[in-house]
1. Of the residues 114, 118, 131, only one is over 30 Å from residue 339 (Cα atoms) and outside any strand (DSSP E or B); which?
2. For the stretch 339-355, enumerate the residues that are closer than 20 Å to residue 288 by Cβ and either touching a helix residue (DSSP H, G or I) at 6+ places or on another chain (Cβ under 7 Å) or assigned by TED's automatic domain parsing to the domain that holds residue 179 (or both).
3. In the stretch 351-364, is there at least one residue being in contact with a strand residue (DSSP E or B) (Cβ under 8 Å, 6 or more places away or on another chain), part of a loop (DSSP other than H, G, I, E, B) and under 25 Å from residue 17 (Cβ atoms)?
4. If we scan the stretch 71-80, do we find a residue that is closer than 20 Å to residue 224 by Cα, in the same structural domain as residue 142 (by TED's automatic domain parsing), within 16 Å of the ligand (Cβ to nearest atom) and surrounded by fewer than 20 Cβ atoms within 10 Å (Cβ to Cβ)?
5. In this structure, is residue 175 surrounded by fewer than 24 Cβ atoms within 10 Å (Cβ to Cβ) and within 15 Å of the ligand (Cβ to nearest atom)?
6. I'd like to check something: does the stretch 287-301 contain any residue that is modelled with pLDDT of 95 or more, closer than 17 Å to residue 201 by Cα and not assigned by TED's automatic domain parsing to the domain that holds residue 28?
7. Please find, among 98, 120, the residue that is in contact with a helix residue (DSSP H, G or I) (Cβ under 7 Å, 6 or more places away or on another chain), in contact (Cβ under 8 Å) with a residue 24 or more places away in the chain, assigned by TED's automatic domain parsing to the domain that holds residue 180 and within 25 Å of residue 223 (Cα to Cα).
Ligand SMILES: *Cc1c(COP(=O)(O)O)cnc(C)c1O
């Protein structure tokens with residue numbers, strides 16, 4: 001990785017807002033008081049100025065390039081976060097038949113399904129559960145051919161469940177929440193109608209949501225759809241209908257450039273495979289001292305939740321305190337599942353993961369006796 005040295009001395013394993021490339025942060029700092037030749041800060045630029053138009057155009061063309069987004073897809077930068085899109089998706093797509101399929105594999109897709117119920121009929125493709133540890137085989141899925149769309153979450157950030165394939169849904173438009181794994185693997189856009197991602201996991205600061213939407217699913221919003229969530233209006237006005245999150249769009253453009261300079265999404269995928277393997281191997285080779293509740297073929301490359309010593313909360317607390325003392329931040333599992341969670345987003349280096357695994361080895365040696 002060509003990144004400037006880690007100037008902070010800590011490693012942020014947080015699940016979002018998450019670590020960003022040091023080089024991007026440094027460049028943003030250098031430019032902050034005067035953007036290009038403007039003599040004003042980027043946060044002071046008019047969203048109608050030609051300088052901002054260039055920032056927007058650059059961010060769009062850069063992400064179109066690295067993700068190979070076809071011409072018939074619009075690239076929108078909206079507000080509202082992932083949660084805003086839980087409403088925006090039904091408001092823009094549900095009108096056709098009034099019913100939608102939701103593949104619920106964790107807490108984020110569960111929340112999306114609940115939000116969609118406000119606007120129409122939701123068909124749960126999988127049996128209801130609260131214990132998310134795997135992705136049931138597609139042969140068991142209850143898909144409805146009359147659905148306006150099929151929705152799934154490509155990577156469940158809390159439960160650490162990631163699809164390593166694209167669901168096969170025939171001609172029904174497919175919608176994916178990729179908030180926590182976009183830019184970590186190539187995307188075959190011939191299979192999708194809408195892909196969205198809140199920025200703060202892998203592409204920039206909180207406050208902007210990337211929405212990539214196929215042209216033919218536009219022009220049919222529900223009449224109650226708020227203008228700021230209306231994909232058709234936002235596509236027509238190029239995300240500049242009202243004031244867009246200008247600073248965030250500037251930063252995500254820089255992150256897209258950084259991805260391009262570091263091997264593109266193909267490079268990020270290789271890195272993600274390497275990093276997650278180092279961590280899962282450590283877990284697997286600890287004789288059950290560390291354990292991942294997730295079925296092997298559904299394990300996320302981005303978010304790795306694990307437990308210690310048979311869910312020993314005291315031991316987990318000691319682990320987190322020791323990690324903190326070594327400068328490893330935000331490793332606490334989500335409050336709904338407990339335990340530990342290491343998030344390995346693009347800006348996390350192999351060295352960062354090795355530092356974590358070295359500490360895990362040390363901690364294992366120190367405490368394993370108590371386990372036998
Ligand atoms: C974080 C996250 C969300 C929610 O994002 P907000 O911007 O906080 O609304 C939705 N989906 C996934 C997969 C996430 O990781």
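1. Details: 114 fails: over 30 Å from residue 339 (Cα atoms); 131 fails: over 30 Å from residue 339 (Cα atoms).
Residue meeting the stated conditions: 118.
2. Within the stretch 339-355, 339, 340, 342 qualify.
3. Within the stretch 351-364, not a single residue is in contact with a strand residue (DSSP E or B) (Cβ under 8 Å, 6 or more places away or on another chain), part of a loop (DSSP other than H, G, I, E, B) and under 25 Å from residue 17 (Cβ atoms).
4. Kept after step one, since they are closer than 20 Å to residue 224 by Cα, are these residues of the stretch 71-80: 78-80.
Checking the rest, the ones that are also in the same structural domain as residue 142 (by TED's automatic domain parsing) come to 78-80.
Cutting the leftovers down to within 16 Å of the ligand (Cβ to nearest atom) gives us 78-80.
Add one more test, that the residue is surrounded by fewer than 20 Cβ atoms within 10 Å (Cβ to Cβ), and what stays is 79-80.
For the stretch 71-80, residues closer than 20 Å to residue 224 by Cα, in the same structural domain as residue 142 (by TED's automatic domain parsing), within 16 Å of the ligand (Cβ to nearest atom) and surrounded by fewer than 20 Cβ atoms within 10 Å (Cβ to Cβ): present.
5. It is false that residue 175 is surrounded by fewer than 24 Cβ atoms within 10 Å (Cβ to Cβ) and within 15 Å of the ligand (Cβ to nearest atom).
6. yes
7. Working: 98 fails: in contact with a helix residue (DSSP H, G or I) (Cβ under 7 Å, 6 or more places away or on another chain).
Only one candidate qualifies: 120.
Every residue, every condition in (1) in contact with a helix residue (DSSP H, G or I) (Cβ under 7 Å, 6 or more places away or on another chain); (2) assigned by TED's automatic domain parsing to the domain that holds residue 347; (3) in a loop (DSSP other than H, G, I, E, B), yes or no:
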{"site": "19", "(1), (2), (3)": "no, no, yes"}
{"site": "35", "(1), (2), (3)": "yes, no, yes"}
{"site": "40", "(1), (2), (3)": "no, no, yes"}
{"site": "47", "(1), (2), (3)": "yes, no, yes"}
{"site": "57", "(1), (2), (3)": "no, no, no"}
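The values are calculated or read from the model by the stated rules, or taken from the named source; none is laboratory data. The structure presented is a predicted model; accordingly, all values stated were derived computationally and were not measured. Quick reminder, even Gly has a Cβ in these numbers, built from the backbone with ideal geometry, and neighbours come from all protein chains shown.
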